[in-house]
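Take a look at the structure set out below.
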Amino acid sequence: MVFREKAKILDEEGIKRALLRITHEILEKNKVASELGIVGIRTRGAHLAQRIAKLIDEIERVIIPLGILDITLYRDDLTLLSTQPIVHKTEIDFDITGKKIILVDDVLFTGRTVRCALDALIDFGRPKIIQLAVLIDRGHRELPIRADYVGKNVPTSLKENINVKLKEVDGIDEVVIEEKIDAQLET
Amino acid sequence: MLNWKHKDLLGLEELSKEEIELILETADSFKEISLRPIKKVPTLRGKTVVLFFFEPSTRTRTSFELAAKRLSADTVSISATTSSIVKGETLKDTAKNIEAMKVDIIVMRHSSSGAPHLLAKAVEASVINAGDGCHEHPTQALLDMFTIKEKKGRISGLKVSIIGDIAHSRVARSNIWGLTKLGAEVTVCGPPTLIPQGIEKFPVKVTYDVEEAIRDADVLNILRIQLERQKSNLFPSLREYALNFGIDAEKLKFAKPEVLIMHPGPINRGVEISPEVADGPYSVILEQVTNGLAVRMAVLYLVSQGGK
């Protein structure tokens, strides 16, 4: 599928501000930072989680445990996909039981990824609470799931795509909205 | 990374370097599951795995069964002695009947080389070779390679010596294919009667001198001497084999300082390996078993979609 860039929603500064605000909201809501744990969903959610953990350290001088979750094994569409996804590592090296877990992803869309992540997390223990932080909420939920912290709400159509680019993976920090190019125009 | 394209896993000879690497990397991701409080993921929920073992096995069968269960698949075990095979049903008929019960993956061990290949052609289910005659035992070689990679950080450029009964060993053949594809140098060593004819067609060095095999090796993979081979006069006695080819502390003095000692099990203590070596600081024999589970989970996952 080919997409054409339509508009830039966030630039480097915008992402930075959004993450800083999310971090402050997390700290305001949870008060005791030492009870927190943060888990990012591969790939870009993991990098965002790392950035938030760093901000918490800078603000509160508390290093909170950081985990990375690969949700492939929990997907509900494995048999429907045309190519089998590669399984990457899940790395949660701390006991999540009793912790307040902040789950982080880049884009909240249908909610299915978050459902996978919740199932996976619960196999690791029984957190006291799980809260969801996302950089972009683009709507179109297919499951009863909502985010506790949102960087930016972006109303989209289903023809559009949100592309979050992060320095760690893509060499640049920006969020763009793309439009599907009509298959007929392509040829 | 590339995708898995095969319905079955029958051997390593027919796989590419990239495909072997894909299995090893996928296995690396699965290893953590066995360390969780709840050692289970829902990936193969609703799939049925049949364990079809015509030869005795503890490690491989248990390992495959646990691997399937940790992926939430249902498992059924069939052994030759308790099945209708004893009533004279052919392999193909038994398999067709099992398939009629809608199973997804058949894991098979058989004393005849090529039996899983026959089965793979006959049924739509995926077939995983868990050892066929003297031919291949791909998951054992994969777990050996996984362990080497984990311990040494690489496979390419390493020197691996396989010592023992090469002629009757499917583990040796799978290891030779896998290791050489990934760039290791393989030497095989054993008494001439246990080195197969046609070994020159394999990309390996051959030596009958155990000291030479030990000297430069980064890894020693020591094979089990199948006790029944003694009856066929391939070597005079177990004692003589142990003296000449059994790896003990004395012979290990020739080895490199960080040599890895591997053995596919079950071990005959005091024959091909002495207890102080098997239980010694360089032995990774039990880690091989742990890694075997992760490798088999990866293989079950990869073949589960029939190479879509």
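Provide a whole-number value for the mean count of partner chain Cβ atoms within 10 Å of the Cβ atoms in peptide A:119-128.
Partner Cβ neighbours, averaged per residue: 2.
Longer than 25 Å from Cα to Cα, which of A:LYS29/B:LYS39; A:LYS29/B:LYS40; B:LYS40/B:LYS102 are they? Say none if no pair is.
A:LYS29/B:LYS39; A:LYS29/B:LYS40
Using a 10 Å cut-off on Cβ atoms, rank the peptides A:49-62, A:94-107 from the highest mean neighbour count down.
A:94-107, A:49-62
Rank-order B:193-201, B:205-213 by packing density, defined as the average count of other C-beta atoms within 10 Å over each peptide's residues, highest first.
Output ranking for B:193-201, B:205-213: B:205-213, B:193-201.
If you count the DSSP beta bridges with both ends in chain B, what percent of them are antiparallel, to the nearest 5?
Close to 5 percent.
Taking the Cα centre of segment B:1-145 as the origin and placing charges on Cβ (Lys, Arg +1; Asp, Glu -1), which of B:LEU118, B:THR139, B:SER79 is farthest toward the positive end of the dipole?
Checked the options; the winner is B:SER79.
Points 7 angstrom from Cα along the Cβ direction at A:GLU35 and B:GLU18: gap in nanometres?
For A:GLU35 paired with B:GLU18, the spin-label model returns 5.0 nm.
Using a 10 Å cut-off on Cβ to Cβ distances, tally the other chain neighbours for every residue of B:35-41 and report the average as a whole number.
4
For segment B:233-249, take each phi angle, set θ = phi - 60°, evaluate the Karplus expression 6.51 cos²θ - 1.76 cosθ + 1.60, and give the result in whole Hz per residue in order, putting x for glycine and proline.
6, 7, 8, x, 7, 4, 4, 5, 4, 4, 5, 8, 10, x, 8, 10, 4
Among the DSSP beta bridges whose two residues both lie in segment A:12-158, what percent are antiparallel, rounded to the nearest 5?
5
Of the peptides A:139-148, A:82-91, how do they stack up when ordered by the mean number of other Cβ atoms within 10 Å, highest first?
The most tightly packed comes first, giving A:82-91, A:139-148.
As a quick test, which of the pairs B:LYS17/B:LYS251; B:LYS31/B:LYS256; A:LYS89/A:LYS165 have an alpha carbon distance above 27 angstrom in this structure?
B:LYS17/B:LYS251; B:LYS31/B:LYS256
Output the 0 to 90 degree angle, nearest 10, between the alpha-carbon long axis of helix B:91-100 and the longest principal axis computed from the alpha carbons of chain B.
Relative to chain B, helix B:91-100 is tipped by roughly 40 degrees.
Using amide H atoms built 1.01 Å from N in the peptide plane, name the residues 5+ places from A:GLU91, or on other chains, whose amide H lies under 5 Å from its own.
Amide H neighbours of A:GLU91, under 5 Å, 5+ apart: A:ILE68, A:LEU69, A:ASP70.
At a Förster radius of 22 Å, what calculated FRET efficiency corresponds to the Cβ-Cβ distance of A:GLU5 and A:LEU81, to the nearest 0.05?
Computed FRET efficiency for A:GLU5 and A:LEU81 comes out at 0.25.
Using Cα positions and a limit of under 16 Å, work out the lysines in reach of A:LYS54, with same-chain residues fewer than 8 apart set aside.
Answer for A:LYS54, where 16 Å is the Cα cut-off: A:LYS16, A:LYS167, listed by chain and number.
Before rounding to the nearest 500, sum -39500 (n - 2.57) across all DSSP H runs of length at least 4 in the protein assembly as shown and divide by the residue total; then give [θ] at 222 nm in deg cm²/dmol.
One gets -10000 deg cm²/dmol as the mean residue ellipticity at 222 nm.
Rounded to the nearest 0.05, what FRET efficiency do B:SER156 and B:ASP216 give with R0 = 22 Å and r taken as the Cβ-Cβ distance? Could you check?
That pair, B:SER156 with B:ASP216, gives E of 0.85.
Every number in this text was worked out from the coordinates using simple rules, so none of it is lab data. Everything numeric in this text was worked out from a predicted model, so none of it was measured. So basically every Cβ, Gly included, is an ideal-geometry build from the backbone, and we count neighbours across all protein chains shown.
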